[in-house]
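Enquirer: So that we are looking at the same thing, I have put the structure below in C-alpha cells.
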Amino acid sequence: LRLDLQYCSPREALVGLNRGACDLAGFHLPQGAVGARLARSYRHLLKPRSHRVLRFITRRQGLMLRPGNPCGVEGLATLVEGQARFINRQPDSGTRALLDGLLRDAGLSSRYIQGYELEEYTHSAVAAYIAAGMADVGFGVEAAARRFGLDFLPLASEDYLLVCHHRSLSEPRLESFREVLASDAFQQAVSA
C-alpha cells in the first residue's frame, strides 16, 4: 500500500478528516477513566452518522527507563519524588494527555517532575533521548522502548483507532487497507 502518513495530535487528525484533508484519522483512547474523559473531549469531532471507527491495535504506554533503571523509578509517585531526569511529549499529543490524566488520578503534580517541560514530538524521539543518556525516563509506547533497548514499566493500555467516512469503506484503496489490517501477516507483525 502507498500511504502518505502525517503525524499529528488526535484532535488535529479528526479535524483533518472532517475537513477532507485525509481518508483516515488515527487516534488512541486509553482504557479506563482517563480514556472516558478524553473520549468526551473528542465527541464533538466524531459524527456517528457519517464516520466509521476501525479498531487498529491495542498498545501499552508507560515509563521508558534507562536499562537497569539506575534511578529506581517504580511508578509515577517515585518519578515525582525522585531526581530522575524526564523527557516529555508535546502538550497537544494524546500521550501527554494520558500522562497528565494518570498524574491527576494519582493526585500527583507534574511541577515536581524534573524535565517535565522538555518535549519531543514522537515516541521514538523520546526513546532515543533516553538511550543517548540525555534523560533517565520518559513516557511512551512499549514498542519504542524495546526498539531502543530500554526498560519499560507499563501504566496503561489503549486502543488505537482509525476513523473514516462511511462512504469511503467501499472504495478500493480502503478495502485493500482493511484487508492488510485483517491479514495474518499483519496480525503476526503486531504481536511480535
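The values are calculated or read from the model by the stated rules, or taken from the named source; none is laboratory data. Not measured: the values here are computed from a predicted model. Neighbour counts run over all protein chains shown; Cβ positions are idealised from the backbone, glycine included. What goes into the accessible areas is simple: the full protein's heavy atoms, side chains included, and nothing from ligands, DNA or RNA. Shrake-Rupley method; radii C 1.70, N 1.55, O 1.52, S 1.80 Å.
Enquirer: Just checking, how many residues over region 131-168 are part of a loop (DSSP other than H, G, I, E, B) and free of Cβ contacts under 8 Å to residues at least 12 places away in the same chain?
Expert: So the first thing to find is which residues in region 131-168 are part of a loop (DSSP other than H, G, I, E, B), and the list is 132-136, 148-150.
Filter once more, keeping what is free of Cβ contacts under 8 Å to residues at least 12 places away in the same chain: 132.
Qualifying residue count for the region: 1.
Enquirer: Please work out which residue is least open to solvent (accessible area, probe 1.4 Å), limiting yourself to region 13-48 and to residues that are in contact (Cβ under 8 Å) with a residue 40 or more places away in the chain and more than 19 Å from Thr95 (Cα to Cα).
Expert: Leu17
Enquirer: Now for a separate question. Taking region 68-82, which residues are among the polar types (S, T, N, Q) and surrounded by fewer than 16 Cβ atoms within 10 Å (Cβ to Cβ)? Quick ask: steps written out before the conclusion?
Expert: Looking only at region 68-82, we keep the residues that are among the polar types (S, T, N, Q), and these are 69, 78.
If the condition is that a residue be among the polar types (S, T, N, Q) and surrounded by fewer than 16 Cβ atoms within 10 Å (Cβ to Cβ), then Thr78 is the only one that fits.
Enquirer: Let me ask another. Test Gly115 against the criterion of being of a type outside the set (D, E, K, R), open to solvent by less than 80 Å² (accessible area, probe 1.4 Å) and under 23 Å from Cys8 (Cα atoms), and give yes or no.
Expert: Numbers: of a type outside the set (D, E, K, R): yes; open to solvent by less than 80 Å² (accessible area, probe 1.4 Å): yes; under 23 Å from Cys8 (Cα atoms): yes.
Yes.
Enquirer: Right, next: Which residues, taken from region 83-108, are closer than 20 Å to Ala127 by Cα, open to solvent by 10 Å² or more (accessible area, probe 1.4 Å) and not in a helix (DSSP H, G or I)?
Expert: Gln83, Arg85, Arg89, Gln90, Pro91, Asp92
Enquirer: Scanning region 118-134 for residues that are buried (at least 19 other Cβ atoms within 10 Å of the Cβ) and within 15 Å of the chain's Cα centre (by Cα), which turns out nearest to Arg146 (Cα to Cα)?
Expert: Within region 118-134, the match that is nearest to Arg146 (Cα to Cα) is Ala127.
Enquirer: Right, another one. Condition first: touching a residue at least 60 places away in the same chain (Cβ under 8 Å) and in contact with a strand residue (DSSP E or B) (Cβ under 8 Å, 6 or more places away or on another chain). Now tell me which residues in region 96-130 satisfy that.
Expert: Correct list: Leu98, Gly101, Leu102, Tyr121, Val126, Ala127, Ile130.
Enquirer: Inside region 54-77, can you point out the residues that are outside any loop (DSSP other than H, G, I, E, B) and free of Cβ contacts under 8 Å to residues at least 40 places away in the same chain? Give the derivation first.
Expert: Residues of region 54-77 outside any loop (DSSP other than H, G, I, E, B): 54-65, 76-77.
Of everything in region 54-77, just one residue is outside any loop (DSSP other than H, G, I, E, B) and free of Cβ contacts under 8 Å to residues at least 40 places away in the same chain, namely Ala77.
Enquirer: May I ask you to verify whether Val80 is of a type outside the set (Lys, Arg), touching a residue at least 60 places away in the same chain (Cβ under 8 Å) and assigned to a helix (DSSP H, G or I)?
Expert: Details: of a type outside the set (Lys, Arg): yes; touching a residue at least 60 places away in the same chain (Cβ under 8 Å): no; assigned to a helix (DSSP H, G or I): yes.
Here the answer is no, as Val80 does not meet what is asked.
Enquirer: Quick check: anything in region 119-128 modelled with pLDDT of 95 or more, part of a helix (DSSP H, G or I) and under 21 Å from Gly32 (Cα atoms)?
Expert: No, region 119-128 contains no residue that is modelled with pLDDT of 95 or more, part of a helix (DSSP H, G or I) and under 21 Å from Gly32 (Cα atoms).
Enquirer: Any residue in region 49-67 that is within 30 Å of His166 (Cα to Cα), open to solvent by 50 Å² or more (accessible area, probe 1.4 Å) and of a type in the set (A, V, I, L, M, F, W, C)?
Expert: yes
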